[in-house]
1. Please give, to one decimal in nm, the separation of the simple spin-label points placed at THR520 and SER388, each 7 Å out from Cα toward the Cβ.
2. For the chain, take the longest principal axis of its alpha carbons; what is the angle in degrees between that and the long axis of helix 170-179, to the nearest 10 within 0 to 90?
3. Taking 0.36 nm per residue of separation and subtracting the Cα-Cα distance, what length does fully extending GLN570 through ASP244 add?
4. With no other cysteine's Cβ closer than 4.7 Å, which Cys residues of the chain count as lacking a disulfide-compatible partner?
5. Tell me the relative contact order for segment 182-259 as a rounded percent, counting alpha carbon contacts under 8 Å between residues six or more apart.
6. Whole-Hz Karplus ³J(HN,Hα) for segment 562-572, in order, using 6.51 cos²θ - 1.76 cosθ + 1.60 and θ = phi - 60°, x for Gly and Pro?
7. Can you give the helix-only mean residue ellipticity at 222 nm for the chain, where every DSSP H stretch with n ≥ 4 adds -39500 (n - 2.57) and the sum goes over all residues, rounded to the nearest 500 deg cm²/dmol?
8. Evaluate E = 1/(1 + (r/R0)^6) for GLU324 and THR211, where r is the Cβ-Cβ distance and R0 equals 41 Å; express this FRET efficiency to the nearest 0.05.
Amino acid sequence: MPTDTFYITTPIYYVNDVPHIGNAYTTIACDVLARFHRLLGQDVLFATGTDEHAQKVLDVAQSLGKDARAYVDEMEPKFKQQWSALEIGFDDYIRTPEPRHVKVVQAIFQKLLEQDDIYLGSYEGWYCVSDETFFTPAEVTDERCPNPECRKPLTWVREENYFFRLSKYQDRLIEYMETHPGWLRPDYRANEVMAFAKSGLKDQSCSRINTGWGIPVPGNDSQVIYVWFDALINYLTVAGYLQDDEKFARWWPPSVQMMGKDIFVRFHCTLWPAMLMALGVELPDIFFGHGFWTIEGEKISKSKGNAIYPTELVTELAELSGCEKNVASDAVRYYLLRAVPFGTDGDFSRATLIQHFNSDLANDLGNLLNRTLSMLHKWFGGEIPPVSRKDDALAKLAEEATTQYVEALENVRFSHALEAVWSLVSAGNKYVEQSAPWALHREGKEQELADVLYNALETARIVTVLVAPFMPCASEKMWTQLGIPGSPAVQKLPESTQFGGLRSGAKAGSADPTFPRIDTKKRKPETGAAAGTSPKKKSDEAASANVISFEEFKKLDIRVARIVSAEKVQGADKLFHLSVDAGEGKLRSVVAGIAEFYDPAELAGKTVVLLANLAPAKIRGVESQGMLLAADTDGRAILLQPDAQAPPGARVR
Ligand code: MSP
């Protein structure tokens, strides 16, 4: 691996939908590695982009009655908007229709044609539009895509196509894998590639009939270049191949090419290296195929409508916690990379996101930084005190954590890196607990107190540098709170994590918690993106109409109930405290804002409708276990009632 440069790529995403949390996972992982390698002092090229010449992109455009070109142009800002909500700092964003890319793709095709690595033949077999993949009859058992993640119906294709001589590179590829352990990661996926290569590689169709969308085959306009052949070349285009020799020499080969397991074996670790071998270009240093996220146990799917979009998730988390949006974005980034070891599959749930938010960020990190800062403000006027004794044990732990962190991230092990940082966070918190600064203050032991606060804040400073690649915005805030000028993003590892860097005499910023604890009792029920399932996303129109799925509706427990008694809540003119029989054998206490419109005597005995599974809440000190449904007419609340007799407890469906 070159020492002064680091080139990292995401796959380029299809533009037939805006990116969801699964696509975001890959992009965040690359962004974190890019930021980490900048901390190591390397010059970084981090590229992402969009794969626009897919048949499915054309199909979607046509189904919307749009011109493909106009459609893809419309989609591009939506991608950038999602990436910006997640603070993705790419250096290059490539779109496959860009002239710089089209030229390179055609030149490569021409070269491979001339050297007989590409030849004209005829293809007969299956094609999966969803995966944009050709399958041989032997791979297909039931006319459905053999990819277990896809399983969509296949199309039988019979057409004249150009073929790439993939079979010719089979032995070289196997030999390369055998002689380059660690090239394909994780190891268990490397075994899959080896098995696939050994099963016998067939020449790969690398063009399709030209239906008006794609890069034309040079010299034969009746064909366009197969979308995967076109897309993989983006990595060369970005690095300056056939455009700028100096640039190319500087950046090639990529240090890490990142992708999900879906496109690891067949495309990135087989077809792509063979194409590079044919071109006589060096192979990338590392391919990493990470696992897939499901959402609450279900595959993320546009048709199921369960996809979660980063902008929505960030907004909801910010609303839920009261933190700034960019801090919420950091928490999402943190959660995705902390919750499961990179490589294995993960199941996304709001409950675990909130759990990590509260426990790791609000509690652990918040205690170390914000609690210590509060003490600093209280007892030292917010000025970092002079230190007489730096804590050797903490200094040693900081050094060890940095070493483990660097080693983990050099090996693309995000959760291990974060575990190393959190072991330091815990050690810092334990140090504060054991040193009991509050007791030192009480006893008037000024210098000892100063030492404890200094050592704790210095630990927080080191942690801030280490979390910066994961949480770029929160770490900036934390840096400012520690009264340090500049930015944690431009520090250098490992020097900047040497114990003792915090400057005495500096004025600390506010002690406000960066990650305010989420009150789970106040959490909205499992409806929006901050709950369990995201709103069904059939289309933007449906989303803006705020449609909910039947599954979501089924979660509502709405029942008939009888009001037994009503009285005013003390000191609140608009509120009644009601006793309600919802057919459960005991009465419920419900607070309702209807006191302006009804008399207590008039209410007793009324049959009404109750939302029974609304999270209980205390309103003006009175427990409310549900909500009465009422029509809102010109600001007046009119209670809903069944139009015939229905017993308390009857379900409303
Ligand atoms: N356009 C091709 C890639 C061409 S690269 C030369 C493509 N695009 S895609 O839009 O379908 O993106 C696939 C990638 O998105 C996966 O490889 C993975 O990185 C990411 N993910 C999509 N769904 C995902 C999950 N459910 N979980 C984790 N990552 C997911 O394939």
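The values are calculated or read from the model by the stated rules, or taken from the named source; none is laboratory data. All values reported here derive from a predicted model rather than from experimental measurement. Reconstructed Cβ throughout: ideal geometry from the backbone, glycine too, with neighbour counts over all protein chains shown. These accessible areas exclude ligands, DNA and RNA; they are computed on the full protein's heavy atoms, side chains included. Shrake-Rupley method; radii C 1.70, N 1.55, O 1.52, S 1.80 Å.
1. Using points 7 Å along Cα→Cβ, the separation is 4.4 nm.
2. 60
3. In short, 109.6 nm is gained.
4. Flagged as lacking a Cys partner: CYS30, CYS206, CYS269, CYS323, CYS473.
5. It comes to 16 percent, rounded to a whole number.
6. 10, 6, 8, 8, 9, 8, 5, 7, 4, x, 10
7. -11500 deg cm²/dmol
8. 0.30
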